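Have a look at the structure below, then the notes.
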Amino acid sequence: MRNGLIPAQFPAPPAASPVYESDLNGSLLPQQNALERPLEAIRRYRWLIVGIVVVFAAAGIAGSRFIKAQYEARATIWIASETPELRSTGPIRSEELVHSGAWTELLRSYRVVDEVVRKLTLYLKPANPAHRQYFAGFTLADKFVPGAYELELDRSKKTWVLRAKVKTAPQGTISDERGAAFDSVGRKFGFKWVLPATALAGQGSQTIAFTVATPRETSILVAKQLDNRLIQGSNFLWLTYTDPDPRLAALTLNTWADEYVRVAAELKKRNMVEFASILEGQMLYAEKATRDAESEYQRFRVNAITLPTEGGPVAAGVVETQRDPALLSYFDQKIEYDNLRHDREALETSLANAARNGVPYEGLLLIPSVAQSPGAEALREAFRSRYQLEARLAAERQHFTDEYPSVKELKGSLDVLANRTIPDLANHLLAQMREREADYQRRIQSASRELQSIPPRTIEERRLNRAVVVSEGLYTNLRNRYAEAKLAEASATPDISVLDTAVVPLEPTKNTAVMIILMAIIAGIGAAGGLALLLDKLDGKFQYAYQAVAELGLVIAGAVPRIPKRGADGTNPEQVVQFMESFRTLRLHIMHSARGDRVRVAVTSAAPGDGKSLISSNLALSYAEAGLRTLLIDGDTRRGSLHKTFGLKGKGGLTEYLLGKLPESQLVKATSHNNLSLISCGQRNGINPELLASAKLKNLMDQLAQSFDVVIVDTPPLAAGIDAYALSAATGNLLLVLRMGRTERRLASAKLALLDRLPVYVLGSVLNDVPAHGDFQYYAAYSAGYPLDDSPSTRDLVEIGAH
């Protein structure tokens, strides 16, 4: 704060935080919360706000006349959804067309909306709805020209003229089309339309204006007028259609619902036919695949009927009876082959030992094939003959010698048998055994190959069998589904149906006029409030008390309310008391804040019209009322008029004294108020600023301070020149008057900055013309403690304030 009344480090508060002012003791008082300034701005600009709201309301009322009332037609659609239990136990029927959440999408599809627009010719908009009767049978060709048109009817001549109002064709405006009754209208523009017989009946002429839009653009606009609601899990689809024409609203919604049901049934029928057709093709393919699989399996079984197969698992105790003959034969031959091979090897060894070592051939009889094989019977008979010959030889040798002819003959036969016949028979048997062994080997190899082919053949057989089973299962399934699809197709029913049709509404559902007016009022309030806040933000004048603290760094020495108004009895008591109390507060502040033994203070303002003269005169009167000898000096030597306020003459004042034309004894003039004297401004001249800046003024102030308890100087505004600065320096103390809603903040700040370089102690700011509410609200209940009397001083105080 300036001049140390409040510490200089006290920061300027932000706009949204509490701001502080100084009370009489220099303490800080909270002021301004976040909402107080906007509310004060609204209060100040209330009449502007009221005016703007009235203008907006009037505009809303005027605009509501151009808005037609809206009628709502309502209808209900039933969605027949199936539960899994019903589908499994109920009759055979097709699946739902779409899921429940997709019904609204089908409802708003262009497939449905475009057809509604075409059926009702909603793309055609006559300027006058009553003229729609002339457009019965109106349709569009594949190529047409949308736009605005006028049809001029000449009933006297029974002719018509159709012309486009704007250039809608790509090459420019199509020439007008003319025709007579029963001629096709609009062929050049792509219209298929014949006027009804009543259109050209009678006399006179008529112009029919209408607009033709594309069906798709119309569908987009029409879809915005439809509102649908489908609750999750519900079977009811609620439809609402809004239109200014109640009959058209009901007709459009009913047509929409019927088209919706028809399209849903058509799509479901088409899906069922396509589904049955696909199943039929799949069934025929599965049937062919089954036949092919069965044929291939049959060929395999025929080709493999003579081949050995792999036996399955058998129970205990029946292994031998259930064993596969091919497998048994293979292992029997394998055993015989091994036995034969062993016997052949033993026979070869025995023959080799007998021939090489002279081992007897009787060891051959120990070989199983020699002892048991039917092919070795001759060899065994040769051994029996040998044994017989040896027995006969032994018997003969008992009676005869070896030279006996019979003995010799027996010895010769025995030698031939032992050395020739038996070895030959043994070799012959060996050759047979070798042949049999080779034959067994070939047979075993053949059987082995057959047995090795059994697993792949078994796998192939099972694969073919499985292919037959799968094909038969698939064919059976497809055949059943195809039969179900044909049954469902034969008894096809749509999933949706119209539960409640729309009826023509009698009363408008939406009161758009009231809504528009309310919206206009709300918009006006918003615009006016925003404008008030904007104006308050851009306002460069002092409007709030905290601005003096935050921007000028000045304490608030006092707040003077607005000038009291006269009541029915001549005076408003509450305002007078509040006015008086404000100067008592200011007086007390100066008494405790001014420097020096006696009170000497200059009262100034930033610009003219801030009320400095009102403040200085009433402040002087307040000091006089307190019993202090008070001197009021009119220092405004340019435009001073305090002498008129107190009913005195202006000549013989301050300027004459500073020029040396008037002695000090004639300078001070008494007033009609006790303890109050006045020094008028004196004569106006061009050297007054130099006179005020002279040392003579300072000496005068010192002399007057010895004679008066209080010296108050009313100075010119700071913006008028150096007069106020000179007078302030002479008094040493200064009060700056700020008029709420008038004083420019930037000007006051700039002028006040010059005082920082002068020996002037700024006591603070005096807020003038303060509204009696908010921070400076006065509680009238306490005015009873200070009753107004009929003393002249009280009446004069009010009169001076009202000047």
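The values are calculated or read from the model by the stated rules, or taken from the named source; none is laboratory data. Please read all numbers here as calculations on a predicted model, not as lab measurements. Neighbour counts are summed over all protein chains in view; Cβ atoms, including those assigned to glycine, are modelled from backbone coordinates with ideal geometry. Note: accessible area is taken over every heavy atom of the protein model, side chains too, but ligands, DNA and RNA are not part of it. Shrake-Rupley method; radii C 1.70, N 1.55, O 1.52, S 1.80 Å.
Using square roots of five times the C-alpha gyration tensor eigenvalues, list the equivalent-ellipsoid semi-axes of segment 634-742 in whole Å, biggest first.
Value: 20, 17, 15 Å, ordered largest first.
What net charge is computed for the residues neighbouring Val601, neighbours being all others with C-beta under 11 Å from the C-beta of Val601, Lys and Arg scored +1, Asp and Glu -1? The partial results should precede the final answer.
Numbers: positive: Arg587, Arg595, Arg598, Arg600; negative: Asp714.
Once all neighbours under 11 Å are counted, the net charge is +3.
At 1.4 Å probe size, what's the solvent-accessible area of Glu345? Round to the nearest 10 Å².
Roll a 1.4 Å probe over it and Glu345 shows about 70 Å².
Suppose each label sits 7 Å from its Cα in the direction of the beta carbon; what would the Leu284-Asp702 distance come out to in nanometres?
For the pair Leu284/Asp702, the computed spacing is 13.3 nm.
Radius of gyration and Dmax for segment 101-224's Cα atoms, expressed in Å?
16.0, 59
For segment 252-258, what does the Karplus curve 6.51 cos²θ - 1.76 cosθ + 1.60, with θ = phi - 60°, yield as ³J(HN,Hα) per residue in whole Hz, taken in order and with x for Gly and Pro?
5, 5, 5, 5, 4, 5, 5
Run the simple label-point estimate for Glu217 and Leu588 please: 7 Å along Cα→C-beta, distance reported in nm.
With each label point 7 Å from Cα toward Cβ, the separation is 7.9 nm.
Cβ under 14 Å from Ala223's Cβ, Ala223 left aside: what net charge do those residues give with Lys, Arg +1 and Asp, Glu -1?
-3
Put Glu437, Glu581 in order of accessible area, largest first, 1.4 Å probe: what do you get? Walk me through the numbers before you get to the answer.
On the way: Glu437 20, Glu581 45 Å².
Ranked from most to least accessible, the order is Glu581, Glu437.
Nearest 0.05, what FRET efficiency do Arg65 and Gln133 give at R0 = 30 Å with Cβ-Cβ as r?
It comes out at approximately 0.65.
Plugging the Kirkwood radius over Cα pairs into Stokes-Einstein for segment 493-649, at a temperature of 20 °C and a viscosity of 1.002 mPa s, what D comes out in µm²/s?
Estimated via Stokes-Einstein, D reaches 98 µm²/s.
Among the listed pairs Lys119/Lys192; Lys119/Lys269; Lys612/Lys698, which are separated by more than 18 Å between their Cα atoms?
Over 18 Å Cα-Cα: Lys119/Lys269; Lys612/Lys698.
If the reach is capped at under 15 angstrom between alpha carbons, list the aspartates and glutamates near Lys125, excluding any in the same chain fewer than eight residues apart.
Output for Lys125: Glu150, Glu217, Asp243, Asp245.
For a quick size check, give me the Cα extents of segment 96-157 along its three principal axes, largest first, whole Å.
61, 26, 18
Given a Förster radius of 35 Å and the C-beta distance between Tyr387 and Phe331 as r, what FRET efficiency does 1/(1 + (r/R0)^6) yield to the nearest 0.05?
Numbers: r = 39 Å, r/R0 = 1.10.
Plugging the Cβ-Cβ distance into 1/(1 + (r/R0)^6) gives 0.35.
Please find the FRET efficiency linking Thr509 to Ala141, where r is the Cβ-Cβ separation and R0 is fixed at 41 Å, and quote it to the nearest 0.05.
My answer for the efficiency is 0.60.
In nanometres, what is the gap between the two model label sites at Leu534 and Asn339, each 7 Å from Cα along Cα-to-Cβ?
In this crude spin-label approximation the distance works out to 12.6 nm.
Solvent-accessible area of Phe135, probe 1.4 Å, all protein chains present, reported in Å² to the nearest ten, please.
Per-residue accessible area (Phe135): approximately 10 Å².
Percent of accessible area on segment 240-302 owned by carbon and sulfur, 1.4 Å probe? Walk me through the numbers before you get to the answer.
On the way: 1850 of 3340 Å².
Heavy-atom surface of segment 240-302 belonging to carbon and sulfur, 1.4 Å probe: 55 percent.
Quick check: at a probe of 1.4 Å, how many percent of the accessible area of segment 607-725 sits on carbon and sulfur atoms?
Heavy-atom surface of segment 607-725 belonging to carbon and sulfur, 1.4 Å probe: 51 percent.
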